[in-house]
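Encoded as structure tokens, the structure appears first; notes follow it.
Here, each number is a calculation from the coordinates, and none is a lab measurement. Remember, predicted model here, so these are calculated numbers, not experimental data. All Cβ positions, glycine included, derive from the backbone under ideal geometry; neighbour counts span all protein chains shown.
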Amino acid sequence: MNLYEGMFLLDNHAVRADWGRAKGAVTETLAKHGAEVVSARRWDERKLAYPIGGKKRATYLLTYYQAPFDSVAALRRDLELDERVLRYLILNADSVPEGELEKSQAELEAGFAVPPPPADEEPAGRAHEEPPAEVAPAEDEEPAAAQPVPATAGDEAREED
Amino acid sequence: MADGFRGRSLPPPIASRNCDDPPIDYKDVTYLSKFLTPQAQILSRKRTGFCAQCQRQLKQAIKRARHLGLLPFVG
């Protein structure tokens, strides 16, 4: 049995529906392949640096588990087939970091509430929103950037050339 | 005589690191993003000031963070 660190990127739709179930999807898959989960907790929910599977935000599940070395290939195959898991990273770990067990245990307690992830999509047409009234020109139809810039002495010299 | 390019010196290294420190963690995104250019390319050893082993750890951590969508491939 080796100790592994697994980071799983979970679809926010599944997390929003039921965090326990989304987490259970991973931990049950691990258990199915003979792994003993030492700790599993929500690491973070954040905007992705680039869209993965069409999703702009996702929730990270950090786990530490002990598993036989020959189970990793089968585990990877199962994770690839699970639509709730967008990405995963499995690494060898020397030990469970300090405080990890406490954080994982705190999540299991009854009073702990996992904050629901915010909406995936940003409001449509945000880039085309009208600017505030102070910024927008009151009467000019053309935007401020399109206004002719007064020619400087250098410009005039260039035009003459 | 400075010729504009050859005479230009690079800024000092971003960080110094002891090789005995714990390995660079791919989850420490704030730390890793210091070693990326605005286009999200990994800085060279000349710029980071790391030894070969630490630079390899940094490269591995950044690539792991990129895989998980924590850091961009291109800026």
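For the cross-link pairs A:LYS56/B:LYS59; A:LYS32/B:LYS59; A:LYS55/A:LYS103; A:LYS32/B:LYS27, which exceed 31 Å when the distance is taken from alpha carbon to alpha carbon? In this structure, A:LYS32/B:LYS59 exceed 31 Å between Cα atoms.
Averaging sequence separations of C-alpha pairs under 8 Å and six or more residues apart, then dividing by the length of chain B, give the relative contact order as a whole percent. Computed value for chain B: 36 percent relative contact order. Of the GluC sites (Glu not before Pro) found in the stretch A:39-105, the ones in coil according to DSSP and having at most 16 other Cβ atoms within 10 Å of their Cβ are A:GLU83, A:GLU98. Counted by Cβ distance under 9 Å from A:ILE90, the other residues give a net charge of 0, where Lys and Arg count +1 and Asp and Glu count -1. Near A:GLU5, once Lys and Arg are set to +1 and Asp and Glu to -1 for all other residues with Cβ below 13 Å from its Cβ, the sum equals 0. If you find the alpha carbon centre of chain B and of the stretch A:1-63, how far apart are they in angstrom? Here the answer is 28 Å between Cα centres.
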